[in-house]
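Working notes for the structure below.
The values are calculated or read from the model by the stated rules, or taken from the named source; none is laboratory data. Remember, it's a predicted structure, so these values are computed and weren't measured experimentally. Cβ placement follows ideal geometry from the backbone for every residue including glycine, while neighbour counts extend to all protein chains displayed. Calculation scope for accessible area: heavy atoms of the full protein, side chains included, ligands and nucleic acids excluded. Shrake-Rupley method; radii C 1.70, N 1.55, O 1.52, S 1.80 Å.
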Protein chains: 4
Amino acid sequence: MIRVTVWNENRHEQTNEKVREVYPEGIHGAIASFLKEENFEVKTATLDEPEHGLTEEVLKNTDVLLWWGHVAHDDVSDEIVTRVKDRVLDGMGLIVLHSGHFSKIFKTLMGTTCDLKWREADEKERIWVVSPGHPIAEGIGEYIDIEREEMYGEHFDIPDPDELVFVSWFEGGEVFRSGCTYKRGKGKVFYFRPGHETYPTYYHEKVQQVIKNGVHWAKPTVLGDVHYGNAKPLEEIKSK
Amino acid sequence: MIRVTVWNENRHEQTNEKVREVYPEGIHGAIASFLKEENFEVKTATLDEPEHGLTEEVLKNTDVLLWWGHVAHDDVSDEIVTRVKDRVLDGMGLIVLHSGHFSKIFKTLMGTTCDLKWREADEKERIWVVSPGHPIAEGIGEYIDIEREEMYGEHFDIPDPDELVFVSWFEGGEVFRSGCTYKRGKGKVFYFRPGHETYPTYYHEKVQQVIKNGVHWAKPTVLGDVHYGNAKPLEEIKSK
Amino acid sequence: MIRVTVWNENRHEQTNEKVREVYPEGIHGAIASFLKEENFEVKTATLDEPEHGLTEEVLKNTDVLLWWGHVAHDDVSDEIVTRVKDRVLDGMGLIVLHSGHFSKIFKTLMGTTCDLKWREADEKERIWVVSPGHPIAEGIGEYIDIEREEMYGEHFDIPDPDELVFVSWFEGGEVFRSGCTYKRGKGKVFYFRPGHETYPTYYHEKVQQVIKNGVHWAKPTVLGDVHYGNAKPLEEIKSK
Amino acid sequence: MIRVTVWNENRHEQTNEKVREVYPEGIHGAIASFLKEENFEVKTATLDEPEHGLTEEVLKNTDVLLWWGHVAHDDVSDEIVTRVKDRVLDGMGLIVLHSGHFSKIFKTLMGTTCDLKWREADEKERIWVVSPGHPIAEGIGEYIDIEREEMYGEHFDIPDPDELVFVSWFEGGEVFRSGCTYKRGKGKVFYFRPGHETYPTYYHEKVQQVIKNGVHWAKPTVLGDVHYGNAKPLEEIKSK
């Protein structure tokens, strides 16, 4: 059984009535709720818990971590970011959602600014599948229509994705690489764009399907031991 | 349950006593045998059966096809190659083994000559994992040692793999990209190097593990319908 | 000096007055004309010439070949396609334009159907740069606006590009991977989307700039000899 | 004219007589010397200069920066690393050599540990070209033989390279992805493995050729302005 931890900054929910209306249990609550349908073992963690809810114990017992953050990226302690990064490099899957593009954990794993264009204009978004054989696209069909979302536009300053699964079209004239996969160390990373806090995006059935698919895809691979550092010579070299 | 068809040219087995000794049930028989342990539904097909054993019906009911061929690539009919290709583009997984690098099906999916260097000299091969988080490397550890194999060396004339999972080291001074993944249409393709007919390579536990992992990885993604050709205009364009 | 051959089917120009008006010297003539400004050595070739204008001699003396075709892909002989393919694998650059996505040469190098969606509705296209450090994007800025073009939409059935340089936005709701690079053998391949025959797209300064950049990028690399086939053993293996 | 700055830690040269013997002008001096033959404008900078020789002015006037470091990675100030990183993301090329794999600048651009296996055993290295059409392989032939080098072995903990140009074979049984390219922001990054301080590797003609090729490849692309942040809505959205 895949063990999932849904991390949310959970600040908008405290201060913005509109967000609270859309997500009465918090964005993390809404995401945890549909992930439970998939027979994952799901927990949540939020910024204002001790150690942001991401203790060594929690991370050790997490196969896939989801990350939603927006206005408080700087309040995430560098120590916890390092801890999460080490765990990703050791094999834990990481799914970064929407404004998480600017989170410390995403930026440190990417090595770039992760900057982009944005606009809040109640725009229609159409997310096209460009990699129809990719397991993250399972069951999605050709595209996902979202009636109103925040726009994110290129240039999105990320490394070329290992795999590009989705590209978004926006009413106002922009495109965006909306579904991107990366491997970092032994871990898998999936960035998925939609999910502005004032829209009911995480209730959208296909958005939920993509995130469920993402969890399956990002689960750790158990390779066995890998050794780094000083290596033993083979006999033939030693005896030369 | 994943439905697997193991295709083998099955010619060496008829003419070469050494090969018959190593693989009394044929290479396809040996591969089918260990795949059955994994709870796949496994069938075999060979060159000299009608339609090479690859009827429309067989292919329709195959999720992942394995391909071993060597001396009789030209005896595979173009019609069957086209049939297999169409099925791969439609989602069937394809695992191409060893000398299958020169098969018509692999060459037509790659678009290159797929040429390489080779040498039969009872050399030691060490297959290194270079993508430790890849599901095809599950359970393999750092490398696979094969005491004696045919050498394949670079340059291997293939498109840059979507993912490079394994790189081989050979005693005589060569390296080889031994585990390569590709997506073609809706299908996934995995090339895996080892398996010369005169060596007991397909009894090697880790080689078996890689092929089992490959089947899991290559299983079809069910996306839903994709439409090509003339597209309907949106209302706003029509009414301009 | 880079030697460029611009190949054009040149059929619309014979039968469609509108196309003749837009491109009185043919599409090949228009492209050759702006390439000459870049200090390339430029020739043209067309379908109805002997050997489609692509003799062994012509190809041997071509560093980069451009390809525009649309209604007569099937009239290109398989022999010439094989000749062009061999030359690409041997190092010649190939730039495939617009409806050339369905040409035999592109399909055989890709290994997929190269199918897509299309619509003729005088739509606005905005071609976004998604790889701002790529030499093919030199001097382009953030995007290229084309007032009216034919729409091409995803899913575009190509292998994942080695590099994705441009993504198009279309008024009617589609996106398209408009600038894709591939390596095949020793050759470089660049697909660039715009250029429907009834629009003056090849007079657009930025479209011209991309094609010029593409020629520079696609020029052959002189590696030196590469040997395939039976390889010599090293002394230490021979003497075992 | 491409403006190159060769940065070297320059510590071994102060303390190790063997290194001083091999590189009497320092590793930076040796590299600068052969780069000057290529008609680049070449400068050097070292760790113990003020600001490590990498002032804002120097970086602004550098098109491609080369980086050699080994025992003193931690002595490079975080401020300068950030400055170099910003300049790479803004378009400056970066070539990281040998033990520079553990430099702060490489690790921060990669997002991984960049760890590997190593062994000092006077081993033979054979660097195979696996991407014969890549401009960095120009003039190299099939491989580069280096009689004695330090071994670096997989797993090399880097993101999957955008392009894999070289793979090394080592006498003792290891392989290594020795030539890797990346894009980060608008900048290009090339990692090239050989160059242990006690061997005369940087006098090897083909090693020099690769580094020269790398400089040509890594030179900045001048795209034009890219805008990030809040984007203007199109008229049609504003007027809704």
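List every residue pair whose Cβ atoms sit under 7 Å apart, with the two residues 6 or more apart in sequence or on different chains, where the first one lies in region C:37-50 and is closer than 18 Å to C:Lys219 by Cβ and the second, anywhere, is assigned to a helix (DSSP H, G or I).
Correct list of pairs: C:Glu38/C:Lys212; C:Phe40/C:Val215; C:Val42/C:Ala32; C:Val42/C:Leu35; C:Val42/C:Lys36.
Counting residues that are under 20 Å from the mean Cα position of the chain (by Cα) and exposed (fewer than 14 other Cβ atoms within 10 Å of the Cβ), which helices (runs of 4 or more DSSP H) fully inside region A:11-67 reach at least 2?
So the answer is A:56-60.
Do you know which of the residues in region A:1-10 that are at pLDDT 95 or above and either open to solvent by 10 Å² or more (accessible area, probe 1.4 Å) or of a type in the set (Gly, Ala, Ser) (or both) is farthest from A:His73 (Cα to Cα)?
Among those that are at pLDDT 95 or above and either open to solvent by 10 Å² or more (accessible area, probe 1.4 Å) or of a type in the set (Gly, Ala, Ser) (or both), it is A:Ile2.
Can you say whether B:Gly153 is surrounded by fewer than 24 Cβ atoms within 10 Å (Cβ to Cβ), within 14 Å of chain A (Cβ to nearest Cβ), touching a Leu at 6+ places or on another chain (Cβ under 7 Å) and of a type outside the set (Asp, Glu), as far as the supplied structure shows?
Spelling it out, it is not the case that B:Gly153 is surrounded by fewer than 24 Cβ atoms within 10 Å (Cβ to Cβ), within 14 Å of chain A (Cβ to nearest Cβ), touching a Leu at 6+ places or on another chain (Cβ under 7 Å) and of a type outside the set (Asp, Glu).
Go through region A:76-96 residue by residue and tally those that are in contact with an Asp or Glu (Cβ under 8 Å, 6 or more places away or on another chain) and within 13 Å of chain D (Cβ to nearest Cβ).
Total meeting the criteria: 1.
Confirm whether C:Glu147 is at pLDDT below 95 and of a type outside the set (Phe, Trp, Tyr).
When the stated conditions are applied, C:Glu147 does not pass them.
Every residue, every condition in (1) among the β-branched types (Val, Ile, Thr); (2) surrounded by fewer than 24 Cβ atoms within 10 Å (Cβ to Cβ), yes or no:
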site	(1), (2)
A:Asp157	no, yes
A:Ser168	no, no
A:Arg193	no, no
A:Thr198	yes, yes
A:Lys212	no, yes
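Does B:Gly179 satisfy being open to solvent by less than 10 Å² (accessible area, probe 1.4 Å), more than 26 Å from B:Val71 (Cβ to Cβ) and at pLDDT 95 or above?
When the stated conditions are applied, B:Gly179 does not pass them.
Any chance region D:184-191 includes a residue that's open to solvent by 10 Å² or more (accessible area, probe 1.4 Å), facing another protein chain (nearest Cβ under 7 Å) and either more than 30 Å from A:Thr113 (Cβ to Cβ) or polar (S, T, N, Q) (or both)?
no
Is there a residue being of a type in the set (A, V, I, L, M) and over 17 Å from D:Asn10 (Cα atoms) anywhere in region D:44-52?
Within region D:44-52, none of the residues are of a type in the set (A, V, I, L, M) and over 17 Å from D:Asn10 (Cα atoms).
Within region C:203-236, work out how many residues are farther than 22 Å from D:Gly133 by Cβ and either at pLDDT 95 or above or within 12 Å of chain D (Cβ to nearest Cβ) (or both).
9
When D:Asp86 is evaluated against the numbered criteria (1) in contact (Cβ under 8 Å) with a residue 24 or more places away in the chain; (2) open to solvent by 70 Å² or more (accessible area, probe 1.4 Å), which criterion, by number, is the only one it fails?
(1)
Would you be able to tell me the number of residues in region A:115-134 that are open to solvent by 10 Å² or more (accessible area, probe 1.4 Å), away from chain D (no Cβ under 14 Å) and among the aromatic types (Phe, Trp, Tyr)?
0
Being away from chain C (no Cβ under 14 Å), among the basic types (Lys, Arg) and either in contact with a Lys or Arg (Cβ under 8 Å, 6 or more places away or on another chain) or in contact (Cβ under 8 Å) with a residue 60 or more places away in the chain (or both): is that true of D:Arg148 here?
In short, yes.
So which residues in region A:90-105 are in a helix (DSSP H, G or I) and either open to solvent by less than 10 Å² (accessible area, probe 1.4 Å) or touching a residue at least 60 places away in the same chain (Cβ under 8 Å) (or both), if there are any at all?
Within region A:90-105, A:His98, A:Ser99, A:Gly100, A:His101, A:Ile105 qualify.
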